[in-house]
Structures are given as structure tokens and as C-alpha cells.
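Asks: Just dropping this structure here.
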Amino acid sequence: METIFRVKISKRKTIEYGDFQTPSELADQACRLLTRLGINPISIIEPTCGTGKFLFSALKYFPNVRSMVGFDINSEYIENIKADKIFAFRNGT
């Protein structure tokens, strides 16, 4: 089930941060490729996590992940990731 993100970022902040959000499909493809290459991390650090597409894909494709940390200069994205994680957890995804 695809998590629906509730991100509302002003156009000014988008320009200021050089914002580009990776599509979920691309994040999934990257994680699938890594699993085919035998990569199965237990820890993930995402220094520019944005809306968390790679983080959520990593949780889906890497069953051994025990710790995950995401950072972003835009605190609104971090707050939305936290809200979406709670939403996904409560809905069993």
C-alpha cells in the first residue's frame, strides 16, 4: 500500500532548497536492484531524506534493517514523515 504524503511546502522554500523529491517507483527500483546485488543492510542513514521515499522503500525491501535515520534541511518534511509513519503503522503497512 502506498503511503499518501501530506506535504505542503511553499514555492519559495522549494526554490530555496533546490527541492526534488524522488518518485516512489524510482526508490523501489533502486532498492530492488540493491537486493538483487546481495545488499541487505541492517542500518540506513539518509542525509537528504526529503519526504522519505527511499526510507519507506528501504523498509519494504530490506527486512534486516534495525535502525534508520533520515535528515533533511526542511523540517516540514521531517514532521510529515513522522506523521506518515504513524499513519502507516496504524494501518498495518
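The values are calculated or read from the model by the stated rules, or taken from the named source; none is laboratory data. The structure presented is a predicted model; accordingly, all values stated were derived computationally and were not measured. No Cβ is skipped: glycine too gets one built from the backbone with ideal geometry, and neighbour counts run over all protein chains shown. The protein model used for the area step is the full one, side chains on, heavy atoms only, and it has no ligands, DNA or RNA in it. Shrake-Rupley method; radii C 1.70, N 1.55, O 1.52, S 1.80 Å.
Asks: Restricting attention to the range 28-48, does a residue exist that is of a type in the set (V, I, T) and buried (at least 16 other Cβ atoms within 10 Å of the Cβ)?
Replies: Yes.
Asks: Something else now. Restricted to the range 1-27, and to residues that are open to solvent by 90 Å² or more (accessible area, probe 1.4 Å) and either in a helix (DSSP H, G or I) or farther than 20 Å from I78 by Cα (or both), which residue is modelled with the lowest pLDDT?
Replies: Checking each candidate, the answer is M1.
Asks: Restricting the search to the range 28-46, which residues are aliphatic (A, V, I, L, M) and outside any strand (DSSP E or B)?
Replies: Residues satisfying the conditions are A30, L33, L34, L37, I39, I42.
Asks: Something else now. Could you tell me which residue of the range 57-86 is farthest from the chain's Cα centre (by Cα), considering only residues that are assigned to a helix (DSSP H, G or I) and at pLDDT 90 or above? Give the derivation first.
Replies: Our first condition is that a residue be assigned to a helix (DSSP H, G or I); within the range 57-86, this holds for 57-61, 75-86.
Now drop any that are not at pLDDT 90 or above, which leaves 57-61.
Working: S57: 7, A58: 8, L59: 9, K60: 11, Y61: 12 Å.
Going through the qualifying residues, I end up with Y61.
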